[in-house]
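Undergrad: Mind having a look at this structure? Questions to follow.
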Amino acid sequence: MRGFPRRRWSDPEREAGKETGLAPKPAQQDASRSALFAVANADLRTNPKKRTAGRILVVDDEAHVRTMIAATLERQGYQVMLASGGREAQDALDQDSFELILTDIVMQDGNGLALLERIHAENPNLPVIMVTAIHDISVAIDSMRRGAYDYVLKPFEREHLVATVQRALEHRQALQESRTYQQNLEQVVRARTEMLRQAMEDLEHSYDVTLEALGDALDLKDSETEGHSKRVTAYTIALARAMGISPGEIKVIARGAFLHDIGKMAIPDQILRKPGKLTPEEQGIMREHCARGYQMLRKIPFLAEAAEIVFTHQEHYDGSGYPNSLKGIAIPVGARIFAVADTLDAITSDRPYRVARTFDAARQEIIRCSGTQFDPTVVEVYLRIPNELWLELRSEITGQNRRFSTFDISPPLSAPSQ
Ligand SMILES: [Fe+2]
């Protein structure tokens, strides 16, 4: 070990067993620093809980230095393992775990700085104290820049060594506690997020149950709407998905489609159930169902957006619809999609005054009304979908007590990006 003041280890006092094996205090040693270490050590003696016992690896190529450091630390209750150089240290690190490393800087089989860098790369939270002779001080400082926790100058005092070791172990413990705290915090955040997600899911479910209750209430009043509402919802969702509309927006559109005729609850039975043709006055009252439905839903927060579709579901693309003769894209896209789905189901379903027509017939009618009643963009998307899909959706719903929450609003795999 270069520059190590060997004479200090053969000091007569130490030979006589008065000292612990470490160098006596050099004359030039700063007295105030000694006093500080003495205070720190006294604190450890009076408050043993502050001491952090740990496994320490001591790396030095001089056996008597290793032995003396070990003896000092073992007397403090630490478990010490010894290594005579970088290679042995690496073997020890591979086989065992340590809370602290004390390493000489200049050794026969390599540089302590290289060992420091390896340790730092593999285990950045493992503190390393460099042990060095006075004239290596610049190297010691450089080692701290490279991640060493501290350095101890040789010859060292027992108190200084013990206090530095204790401080390093407490630093490591603080780092570990901070990491554990962070991990616990992350776990708590994950758990809370999951709880929140679950609560949102429950809330969504209760929304759907409320929505279904509204639909059931309308069915009691107008039994004709039951299957119609569900089929129109399924067709509207299929069209909206094909148009690349986001799942969040589709949910709103689906709710609007499902409840489009909810305002009919406010229409007198003699008009709603009249078998024959309505008079112009009755027709006027019947047309109020859009605004009545809107008024019913707009105050319900989760249905407020869907209420817009309920309000505009009878508007025509060319402005010939009601209640506000809205035109083109002034009509919400959900209502424009719904209009095609609604006609598709109306034509292909039995009515008291006529039997159902085919999906091909519906297709011809929708093409005929593209640009007048219907948005041509929606019609174009509709025409890309084969009749088999509508037949499949229709047979899925017919005869089933289909719940609103079971409709699939997820985007298709090939959905174009919005
Ligand atoms: Fe309607």
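Throughout, read-outs are computed from the coordinates displayed, never taken from laboratory work. Nothing here was measured: the structure is a model prediction, and the numbers come from that model. Heads up, the Cβs are rebuilt from the backbone with ideal geometry, glycines too, and the neighbour counts pull from every protein chain shown.
Undergrad: Given q = 0.16, 0.17 Å⁻¹, what are the Debye log10 I(q)/I(0) values for the stretch 291-418, with equal point scatterers placed on the Cα positions and solvent ignored?
TA: -1.00, -1.12
Undergrad: Continuing with the same structure: For the stretch 330-404, what are the per-bin percents of Cα-Cα distances with bins 5 Å wide, up to the bin holding the maximum?
TA: The percentages, shortest bin first, are 3, 14, 24, 24, 18, 11, 4, 0.
Undergrad: Shifting gears a bit: So how far apart, in nm, are the two label points at Arg384 and Leu203 if each is 7 Å from Cα heading toward Cβ?
TA: Modelled inter-label distance: 3.5 nm.
Undergrad: With a ≥ b ≥ c taken as the square roots of the eigenvalues of the C-alpha gyration tensor of the stretch 196-247, please select rounded if a/c is under 1.5 and otherwise prolate if a/b is larger than b/c or oblate if it is not? Show your work: numbers first, answer last.
TA: Working: a/c = 4.79, a/b = 1.15, b/c = 4.18.
Since a/c reaches 1.5 but b/c is at least a/b, the shape of the stretch 196-247 is classed as oblate.
Undergrad: Once the cut-off is 23 Å, how many percent of the Cα-Cα pairs in the stretch 75-175 end up in the long-distance tail?
TA: Values: 925 of 5050 pairs.
When all Cα pairs of the stretch 75-175 are counted, 18 percent exceed 23 Å.
Undergrad: Which of the trypsin sites (Lys or Arg not before Pro) found in the stretch 268-369 are loop residues per DSSP with 10 or fewer other Cβ atoms within 10 Å of their Cβ? Write out the running numbers ahead of the final one.
TA: Working: sites: Arg273, Lys277, Arg287, Arg292, Arg298, Lys299, Lys327, Arg336, Arg354, Arg357, Arg363, Arg368; in loops: Arg273, Lys277, Arg298, Lys299, Lys327, Arg357.
Those satisfying the criteria are Lys277, Lys299.
Undergrad: Label 7 Å along Cα→Cβ of Lys327; the stretch 370-391 residues with amide nitrogen under 18 Å?
TA: Only 370-377 pass the distance filter.
Undergrad: Quote to one decimal, in nm, the extra length available between His120 and Gln79 on full extension: 0.36 nm per residue of separation minus the C-alpha distance between them. Intermediate results must be reported in sequence, preceding the final value.
TA: On the way: separation 41, 0.36 × 41 = 14.76 nm, distance 2.16 nm.
Once the chain is fully extended between His120 and Gln79, it gains 12.6 nm.
Undergrad: Any aspartates and glutamates with Cα under 14 Å of the Lys264 Cα? List them, leaving off those in the same chain fewer than 8 positions away.
TA: The qualifying aspartates and glutamates are Asp216, Asp219, Asp222, Glu224, Glu226, Glu282, Glu288.
Undergrad: Which whole number in µm²/s is D for the stretch 153-260 by Stokes-Einstein, with the Kirkwood Rh taken over Cα pairs at 10 °C and 1.306 mPa s? If you can, show how the numbers build up before the last one.
TA: Numbers: Rh = 19.5 Å.
For the chosen part, D equals 81 µm²/s.
Undergrad: Now for a different question. Among the chymotrypsin sites (Phe, Trp or Tyr not before Pro) within the stretch 310-384, which fall in a DSSP loop and have no more than 15 other Cβ atoms within 10 Å of their own Cβ? Don't skip to the answer; put the middle values down first.
TA: Details: sites: Phe311, Tyr317, Phe338, Tyr353, Phe359, Phe374, Tyr382; in loops: Tyr317, Tyr353.
Of the chymotrypsin sites (Phe, Trp or Tyr not before Pro), the ones in loops of the stretch 310-384 whose Cβ has at most 15 other Cβ atoms within 10 Å are Tyr353.
Undergrad: Okay, next question. Treat the stretch 194-317 as a sphere of radius equal to its Kirkwood radius over Cα pairs and apply Stokes-Einstein at 37 °C in a medium of 0.692 mPa s; give the translational diffusion coefficient in µm²/s, rounded to a whole number.
TA: Details: Rh = 15.4 Å.
Rounded to a whole number, D works out at 213 µm²/s.
Undergrad: As an exercise, use a Förster radius of 30 Å and the Cβ-Cβ distance of Ile367 and Ser246 to find the FRET efficiency, rounded to the nearest 0.05. Walk me through the intermediate numbers first.
TA: Details: r = 28 Å, r/R0 = 0.93.
Plugging the Cβ-Cβ distance into 1/(1 + (r/R0)^6) gives 0.60.
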